[in-house]
Amino acid sequence: MAWIVLVISGLLETAWAIALDRSASFTRPLPSAVFVITLLLSMAGLAYALREIPVGTGYAVWVGIGVTGTALVGMLVLGESAGLARIGCLLLIVAGVVGLKIYH
């Protein structure tokens, strides 16, 4: 269960990062509210997962999921560059997250 919660929390990290960008420095109420809610849920999920998963592994996986998800949303939805090198780097992050899960 801790791993499922950790993955969901990583996805929520993506949500709060995108909401933070869309909040325009907290001048837009709806994205600002989405930011606060998803941030709190993401942190709560991370805290829950760390009761069973070592902090180094859990935090690295959480950040890896959030970073990869945010970059993918940026490339697929927000029109950010999707060069081969950038995609390769994201694949390295995913490989690291999978490795941490396997070898924790």
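Read-outs throughout are calculated quantities, based only on the coordinates presented, and are distinct from any laboratory measurement. Note that the coordinates shown come from a computational prediction; the quantities given were computed from them, not determined experimentally. Glycine gets a Cβ as well: all are built from the backbone with ideal geometry, and neighbour counts include every protein chain shown.
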Report yes if some residue within region 10-33 is touching a His at 6+ places or on another chain (Cβ under 9 Å) and crowded, with 18+ Cβ neighbours inside 10 Å; otherwise report no.
no
For region 46-62, what are the residues that are surrounded by fewer than 16 Cβ atoms within 10 Å (Cβ to Cβ) and not in a helix (DSSP H, G or I)?
51, 52, 54
Among the listed residues 42, 25, 81, 9, which satisfies the condition of being part of a loop (DSSP other than H, G, I, E, B) and under 26 Å from residue 95 (Cβ atoms)?
81
First in region 27-38 and more than 11 Å from residue 13 (Cα to Cα), second anywhere and exposed (fewer than 15 other Cβ atoms within 10 Å of the Cβ), Cβ under 7 Å, 6 or more apart:
28/22; 31/22; 32/26
For region 8-25, does any single residue satisfy the condition of being of a type in the set (Val, Ile, Thr) and in contact with a Pro (Cβ under 9 Å, 6 or more places away or on another chain)?
yes
Determine, yes or no, whether residue 58 is touching a His at 6+ places or on another chain (Cβ under 9 Å) and small (Gly, Ala, Ser).
yes
